[in-house]
Amino acid sequence: MPLPIRPAVAASPDYPFSPITAPIKLDQNESFADFPAELKDIALERLRHLPWHRYTDLNAEALSDALARHEGWSPAGTVVTTGSNVLIALLIQLSAIGGRVVTVKPNFALYGLDAMLLGAALTEVPLRPDQSFDPDALIAVLGDAQGPESQGVIYIPRPHAPTGSLCELDELERLATACRGWLLVIDEAYHHFTPEDARELARRHPHVVLLRTFSKAWGLAGLRLGYALASDGVAQQLRKLVPPFGVSVLQTVCAQVALEQPGYVKERVAQTLHERERLFKALQHHPSWQPLPSHANFLLVRTPDAAQAHAQLLAHGVLVRRQDRLHGLQGCFRVTVGTPEENDAFLEAAGLAKTRRLSGIGTASEPRMAIPGIDAALAMAHAGNSLDLFEKLLGMMLKNYASWSATSRHLAREPGATAHAELCSSLHKLRGSASILGATRLAEVAAQAENALRDTREPPLAAVERVASTLDELLGHVRHRLEIAARHVPRE
Ligand SMILES: Cc1ncc(COP(=O)(O)O)c(C=O)c1O
């Protein structure tokens, strides 16, 4: 007996993604840094005191209000769901079942997949050969559509994914004016990385909807949260399709905390733009690869052979995403802008780095953390072909530091003056060893924690966790470096 599955679903391919693990992950356009540890702490503390046995708001009203304030949008026009990819399907349900989805080609895979799954006809209008947006071709397609398929949803990513190109706002305005019977959805997943977004345009046209996500610049891809900014009329109907009580207490609280202190996003965006420019310029020197100018947190790179380029990078521990199966993107892969160190590793794997910068750690809000001790050990390993020496050093560090975190957490939970004094002394020692090693940021964080504890300004466990997370970050980075070094340095 065949399974009772709709033919459209049975005929649809799976979402095109194969999980691969690699030390340097530049394949999914995530933020290069995690949600800030201080904000995680605030969110977790709030969550501890909230009831988890109760349902959340019917339509995430409190979060919609906070988002609307942040975006300068009306709360009634703000619709929150668990990821903007959910909204891509809901908007087809709203306006295109039995009708048509029109988008550009190449495009983000979900527009076409959801059209197929939900029973909408699909028209993909090619970008121009230089990957620019062609409003006239789109307007012509809309004019040609007949019958029920002359209505539906138009999806335009701005900036465009996966090329990173940006359509001009006046071209979109022309499209919006020409498609009044359609819902025009501008997918702004990457809008933080462009100088100007499309909110003004959407305010002028009630059939225009903007899609936004917490998965990119906000550094919250794991939280799964996205939202639509629409006219109140469209939002009112769209909300009927959103599962009731769908946004969890965890999602609500984390997003509220992010919206209360959004400053980190700006800093990270500035760093991403700087690093994007650096990668772009460096890639222009590649003998056979060519980067496309990008307005997002990734670069599309054209190569003679995407499979070969992907394998070469992966052999150096760097994971990028092949895009060569998409229309017009033969030989292309996409690389997410990472931390300066990850970008160095990418350039090195691409054969572009002149010198190996084997040390350093940086996050959005923190200065680069140089690690001269590690640097020197790696340089010795590299020059003297003695990876074993470096591994010994690393092994010692890992052992000492892992035991530091465990002992200090234990001490932090112990009441009394003795435990307090021991903890202060342990932080003092850590600070000393970090400075000797040249891990300046860790030394700084340990010193701050020690001072805060001595002045009893902070609960001991909070101070220890802050230091432990800096330590983890440092060790993670050192491990990455070792994995890369292991590929380059012959064993003794
Ligand atoms: C253009 C575009 N739209 C939407 C999404 C999905 O975002 P979310 O994580 O909010 O579902 C992505 C994710 O990569 C994207 O690239």
If you average the alpha carbon positions of the range 304-338 and of the range 157-217, how far apart do those two centres end up, in angstrom?
27
What list of ³J(HN,Hα) values in whole Hz, one per residue of the range 139-153 in order, does the Karplus curve 6.51 cos²θ - 1.76 cosθ + 1.60 (θ = phi - 60°) give from phi, with Gly and Pro shown as x?
5, 5, 4, 4, x, 7, 5, 10, x, x, 7, 9, 9, x, 10
Please report the net charge: other residues with Cβ closer than 11 Å to the Cβ of ASP27, K and R +1, D and E -1.
+3
Long-range amide H contacts for ILE154: which residues qualify at under 5 Å (H placed 1.01 Å from N, peptide plane, sequence gap of 5 or more or a different chain)?
VAL102, LEU183, LEU184, VAL185
I need to check one value: relative contact order of the range 259-311, counting alpha carbon pairs closer than 8 Å and at least 6 residues apart, in percent.
23
May I ask you to derive the relative contact order of the chain, considering only C-alpha pairs under 8 Å and at least 6 residues apart, and to give it as an integer percent?
16
In the chain, what % of DSSP beta bridges are antiparallel (nearest 5)?
50
Applying the Karplus parametrisation 6.51 cos²θ - 1.76 cosθ + 1.60 with θ = phi - 60° to the phi angles of the range 223-233, what ³J(HN,Hα) value in whole Hz is obtained for each residue in order, glycine and proline being reported as x?
6, 6, 8, x, 7, 10, 10, 9, 5, 4, x
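So if each residue of separation counts as 0.36 nm, and I subtract the Cα-Cα distance between ASP14 and HIS410, what length gain in nm does that give?
Going from the current span to full extension adds 137.8 nm.
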May I ask you to compute the full-extension gain from LEU169 to HIS428, defined as 0.36 nm times their residue separation minus their alpha-carbon distance, rounded to one decimal in nm?
87.7 nm
Rounded to the nearest 5, the percent of antiparallel DSSP beta bridges in the range 182-316 equals 60
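Where nothing but the Cβ of Lys and Arg (+1) and of Asp and Glu (-1) is charged, how large is the charge dipole of the chain around its Cα centre, in debye to the nearest 20?
580
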Taking neighbour counts of Cβ atoms within 10 Å as a proxy for exposure, in what order, fewest first, do HIS327, HIS480 appear?
HIS327, HIS480
Evaluate E = 1/(1 + (r/R0)^6) for ALA402 and GLN236, where r is the Cβ-Cβ distance and R0 equals 51 Å; express this FRET efficiency to the nearest 0.05.
0.40
Additional length obtainable on full extension of the chain from HIS49 to ASP34, 0.36 nm per residue less Cα span:
3.0 nm
Cβ under 14 Å from LEU47's Cβ, LEU47 left aside: what net charge do those residues give with Lys, Arg +1 and Asp, Glu -1?
+2
Computed ³J(HN,Hα) along the range 90-96: with the Karplus parameters 6.51/-1.76/1.60, θ = phi - 60°, integer Hz and x for glycine or proline, the list is 5, 5, 5, 4, 5, 9, 10
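What ranking do MET1, MET116 get, fewest neighbouring Cβ atoms within 10 angstrom at the top?
Listed from fewest to most nearby Cβ atoms, that is MET1, MET116.
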For the range 272-298 and the range 218-265, what is the separation of their C-alpha centers, rounded to whole Å?
32
Cβ crowding within 10 Å averaged over residues, with 123-131, 451-459 ranked highest first:
123-131, 451-459
Tell me the mean residue ellipticity at 222 nm calculated for the chain from its helices only (DSSP H runs of n ≥ 4, each -39500 (n - 2.57), averaged over every residue, nearest 500).
-16000 deg cm²/dmol
Net dipole in debye of the range 134-199 [+1 Lys, Arg Cβ; -1 Asp, Glu Cβ; about Cα centre; nearest 20]:
180
If we count other beta carbons within 10 Å of each Cβ, what is the order of TYR401, TYR155, fewest first?
TYR401, TYR155
Local net charge near ASP305, Cβ-Cβ under 13 Å (Lys/Arg +1, Asp/Glu -1)
+1
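The numbers here are math on the coordinates, done by the rules we state, and not lab data. Nothing here was measured: the structure is a model prediction, and the numbers come from that model. When we count neighbours, we look across all protein chains shown, and the Cβ atoms used for this are built from the backbone with ideal geometry, even at glycine.
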